[in-house]
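Reading through the structure tokens given below for one structure.
The values are calculated or read from the model by the stated rules, or taken from the named source; none is laboratory data. Because the structure is predicted, anything quoted here is derived from the model rather than measured. Here Cβ is always computed from backbone atoms with ideal geometry, including for glycine, and neighbour counts include all displayed protein chains.
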Amino acid sequence: MTFREVADGVFVRRHASLDLNCGLVVGEDACLVVDTRSDLGEAADLAAAVRRVTPHPWMVVDTHAHYDHCFGNAAFRPATVWGSRGCAADLLATGEAQRAARVAELLAGGDAEAAERVRRAPLDPPDALVDQVAVLDVGGREVVLRHLGRGHTGHDLVVEVEDGVVFAGDLVEEGGPPAFEDAFPAEWPATLGRLHALARGPVVPGHGAVVDAAFVGAQREELLAVLSSLRAGRLDAGPYDAATMRVAASRLSGG
Ligand SMILES: [Zn+2]
């Protein structure tokens, strides 16, 4: 599987596993990898794909602390790993529970090999921590990391490349409903509104096909519809399936 160039020197690798997207921004003498997959085997495969694009030293950013976006971090050390302060704290707090759940899920699906890889993935949280915003120099290219507010989690980071590509992490979801397990449904629409205002070109969701600002605007409308359905106590009236709406409802008080 290869990286696809979505803008000059900005690449996306969409994986069969979980339909996960990872990103790559290539500058003059450095590059930035966005998210690191679920275990060291998957991360080594990602690192090899990066090396087929560029020989430059990498730095890494995690969009958030869910295992599929950051359990591969250790494969990229000793590089700097950027992430929000909340991402680092959340990975330490929830990493073992996430691991147990994912291992059980893989075993139930008959994939003992992947389960073993996830079991052995070191928890290696980001060490370059962002509160609201950080501006990176990636080999002469400006890349801005922003926490735009709570949404898919309490600590999502958005990665904005100077000439218009935005990596949205799981704040934006294509190909399935957004995931509410750790979400803040009352705040997610406003956060997506801020993301919508930033989006001028390709928007790379955490999973699925690359989208655009119009898609982000439409997803914000759906999240507003979720919120009004929940507040009206009408889980059947929302834009998503019943299971998704139930999880969203369980998170409303938490938001
Ligand atoms: Zn996630």
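Return the residue satisfying two criteria in turn: it lies in segment 156-167 and is touching a residue at least 60 places away in the same chain (Cβ under 8 Å) and more than 11 Å from the ligand (Cβ to nearest atom), and of such residues it is surrounded by the most Cβ atoms within 10 Å (Cβ to Cβ).
Checked segment 156-167; the qualifying residue surrounded by the most Cβ atoms within 10 Å (Cβ to Cβ) is F167.
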- Task: Kindly check whether there is at least one residue in segment 189-202 that is modelled with pLDDT of 95 or more, in contact with a His (Cβ under 8 Å, 6 or more places away or on another chain) and either crowded, with 24+ Cβ neighbours inside 10 Å or not in a loop (DSSP other than H, G, I, E, B) (or both).
- Result: no
Here the residues within segment 46-97 that are in contact (Cβ under 8 Å) with a residue 24 or more places away in the chain, of a type outside the set (S, T, N, Q) and more than 21 Å from D156 (Cβ to Cβ) are A47, A49, V50, R52, V53, H56, P57, W58, A74, A75, R77, E96
Margin query: Based on this model, can you work out whether V247 counts as in contact (Cβ under 8 Å) with a residue 12 or more places away in the chain, within 16 Å of the ligand (Cβ to nearest atom) and of a type in the set (A, V, I, L, M, F, W, C)?
Written below: yes
Within segment 204-244, the count of residues that are within 16 Å of the ligand (Cβ to nearest atom) and among the aliphatic types (A, V, I, L, M) comes to 2
Exception for L198 within (1) more than 22 Å from T94 (Cα to Cα); (2) of a type in the set (A, V, I, L, M); (3) within 16 Å of the ligand (Cβ to nearest atom) falls at (3)
Subset of segment 203-240, residues assigned to a loop (DSSP other than H, G, I, E, B), at pLDDT 95 or above and surrounded by fewer than 16 Cβ atoms within 10 Å (Cβ to Cβ), comes to A209, D212
Of those in segment 171-188 that are under 23 Å from L129 (Cβ atoms) and surrounded by fewer than 24 Cβ atoms within 10 Å (Cβ to Cβ), the residue farthest from the ligand (Cβ to nearest atom) is E187
With criteria (1) modelled with pLDDT of 95 or more; (2) outside any loop (DSSP other than H, G, I, E, B), P178 comes up short on (2)
